[in-house]
Amino acid sequence: MLQFNEKMRQMEGMRVYIDTNILIYFFNKGPSYLPLVSCLVQQCADRKILGTVSLLVLAEVLVLPCRGKNLEAVAQIKAFLAKRIFYASVSIRRGSWRKAPCWQESGA
């Protein structure tokens, strides 16, 4: 956990993409990952890290609760997302992968 906390400190002020798995672990409170993902979400809430999600991620997080007609879980997730903890949503469009820093650095 010490290494993880150091990584969190190193990421302060950075924009970090939050993928579906992070939010699913957070909402499902999976014991294996909850301490780590809770820390990351809290850093986003405190605006120490600029957490960024795509609209696709937000939709994916709601798939299982909606399919299972778990209205309580859907309401909890929607209430959490309404807090706007994450800095911005990224829309996914054709060719948007070209904007990724790794592609820009490689000259591809």
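The values are calculated or read from the model by the stated rules, or taken from the named source; none is laboratory data. Being a predicted model, the structure only gives us computed values, none of them experimental. Virtual Cβ from ideal backbone geometry, glycine too; neighbours counted across all protein chains shown.
Remarks
- Qualifying residue in the stretch 18-28 (condition: at positive phi and without any contact (Cβ under 8 Å) to a residue 40 or more places away in the chain): no
- Filtered residue count, the stretch 29-48, keeping only those that are touching a residue at least 24 places away in the same chain (Cβ under 8 Å), more than 15 Å from I77 (Cβ to Cβ) and surrounded by 13 or more Cβ atoms within 10 Å (Cβ to Cβ): 7
- Scanning the stretch 27-80 for residues that are of a type in the set (K, R) and more than 22 Å from Q10 (Cβ to Cβ) returns K29, R67, K69, K78.
- Residue match in the stretch 81-98 (condition: in a helix (DSSP H, G or I) and either at pLDDT 80 or above or under 13 Å from the mean Cα position of the chain (by Cα) (or both)): yes
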